[in-house]
Structure formats: structure tokens, C-alpha cells
């Protein structure tokens, strides 16, 4: 059976989340389904307030406007489209390797992607900054000579994926996601936060026209599980699971020119020569090729947020395949 470590399901984090929460998150009895009217377009009001507290805990900031969106991807696209409507034509990202969905997200927003260049000063540009970055786990912002709006993609900016969080750099918009924060990837609810009144009006119109409200089932599940949730305990448990996966993966560093496993984020990105690719293929292990992230297929990304048993089995298979 193939173990696919190419897709970014954060199962180890999900297990820690469910171990921390006790109880049944939702019972869809007939009486509850009878209440399933269309939700508020900007997000369930109770969940919006819960999310404000979550965001303040993560960032130390209280944003003036907060909208619930269809995951962080939906939030980034809504933000980019709003800036495109305001006359911005270019989106600056980190140099490759970058998040595999960024090129299509930017294109679908009507913008052109530009990889970061310190001398770039086009005033019609918006910065899309993942912090920490996927897949490298970089925590540094990218500096630009011209002052331009910055959208921070903060899906990994939490005590789950970072032991120490610095102060967020200056930004216009912050995007986050319960999918990555809790590891319940299929929940598909994120947020879009800003202090900019004019952009907030654009966001409100776009959220309404795009979603006409998010899933009430997903919203109710989050409201049930997050009331009085022990975030400190959860983050410690999730970090422990991720660290177990990272420690086990260190046994495979020799296949990647000794590239060390980092303690930030949930991915391992490294050079991968043909011999290593043959061994991992023989072991029936899947990965994301570097060409999907703007580099080339001599590089690979592996998901270290997978189920712990999958990581341990991967190591066992690869070492066995290498001995043949």
C-alpha cells in the first residue's frame, strides 16, 4: 500500500486536537437539521467572536474586521481579488520554492506572480507572505523598497508549528485557517482579518458573492469543540507528535545530502537525487516534486505532519529498500 507524503494533511495535529477535546462535537438529530437555515454571509456571529479570541491569542492583535472564509486558500484569494479590484496587478511571493497553490491562486485573482526581488518597486504590487513559509519554514519577512500592501498567510503561525513566535511584520491583511490550526483539514473554515475599512467593504462583498455563507455543519462543529478548549495542552501535544515524526525522519537525512530536519512548520524539503528517488519509489512512498513549487524535480517535499505510524513505516520501508 502506498504511503503518500505529498499531500498536506496534518493528521498528527488532528489526533492531538481530538485527544485534547472530550465529548461528541455534534449530533445531527432531526431537530438540529430543522434549524439549518442559510448562515450569515460573513460567518456565524458566535464563531466570529470565538475566532477573534483565537487570533488574538496567536498574534496578540485585535483586528477591527474579521470574516470567516473557505479555508486560508479562500481567504488569500478573496484578499487578492479585492486588491486586484483596487488596481493592483502583481503579487510578490517568496522566491521558489513557494507554496504549490500560489501560482494558480494568484492567476485566478487576475494578478501576475513575481518572485521576490529586493529591487522590485512596482507600486501596483501586493505582497503575499507565508509566515512561516511552506515548505522551508522561513520566519523572516521579505523586504521591498516600495511600500506595498502585505497579505500574511499565517496558517502555520501558531504554537503548534512554532515553538517561539516573533511579532508579525507590518501588514494589511492576516489570513488563518482552522484546517491547519486544529489539523481537522476537512473543516474548511478560515478567517480574513484587517483594520482597513475600505478593503473590509470589498471583502464583505466578495465573501457574500463567493460563498453566500459557509457550511453550518462545519461552523457548529467548531463552536462545540472550541468552547473552553485547552489550547496550551493541545499545542504541547501537537508539537510532541510533530517532533516525534521529525526525530524519526532524521534517520533518512542521508538520502537528501544530509539536509537537516527543521523544527518549524510540517514539511521536509531537500535535494533528492535519482538514486534516492528510486529507493523511495521502490518503497512505495509518494512526495511532492520540486517543479510544483517553482524549482525542479531534483528537490522534494515530504509531509511530516502525517500520522506517526505512517512516518515510522516510511522510514522502515526506505531503509529496507536501501539494503536490497
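Observations on the structure shown:
- Within the range 296-324, the set of residues being under 30 Å from residue 181 (Cβ atoms), more than 20 Å from the chain's Cα centre (by Cα) and not in a helix (DSSP H, G or I) comprises just one member, 299.
- Any hit, the range 256-266, residues being at negative phi and assigned to a helix (DSSP H, G or I): yes
- Scope the range 278-295; condition in contact with a helix residue (DSSP H, G or I) (Cβ under 7 Å, 6 or more places away or on another chain) and either in a helix (DSSP H, G or I) or in the same structural domain as residue 179 (by TED's automatic domain parsing) (or both); matching residues: 279, 280, 282
- Helices (runs of 4 or more DSSP H) (entirely within the range 1-99) containing at least 2 residues that are surrounded by 15 or more Cβ atoms within 10 Å (Cβ to Cβ): 11-20, 45-59, 71-85
- With respect to the conditions (1) more than 22 Å from the chain's Cα centre (by Cα); (2) in contact (Cβ under 8 Å) with a residue 60 or more places away in the chain, residue 259 falls short on a single one, namely (2).
- Pick from the range 205-219, criterion in contact with a helix residue (DSSP H, G or I) (Cβ under 8 Å, 6 or more places away or on another chain) and either crowded, with 18+ Cβ neighbours inside 10 Å or not in a helix (DSSP H, G or I) (or both), ranking: modelled with the lowest pLDDT: 211
- Candidates 77, 48: the one that is free of Cβ contacts under 8 Å to residues at least 40 places away in the same chain, in contact with a helix residue (DSSP H, G or I) (Cβ under 6 Å, 6 or more places away or on another chain) and not assigned by TED's automatic domain parsing to the domain that holds residue 313 is 77.
- Residue under evaluation residue 269, criteria (1) in contact (Cβ under 8 Å) with a residue 24 or more places away in the chain; (2) not in a strand (DSSP E or B), criterion not met: (2)
- Residues located in the range 176-204, provided they are in a helix (DSSP H, G or I) and under 21 Å from residue 219 (Cβ atoms): 178, 179, 180, 181, 182, 185, 186, 187, 200, 203, 204
The values are calculated or read from the model by the stated rules, or taken from the named source; none is laboratory data. Only a predicted model underlies this, so the values are computations on that prediction, with no experimental measurement involved. Glycine gets a Cβ as well: all are built from the backbone with ideal geometry, and neighbour counts include every protein chain shown.
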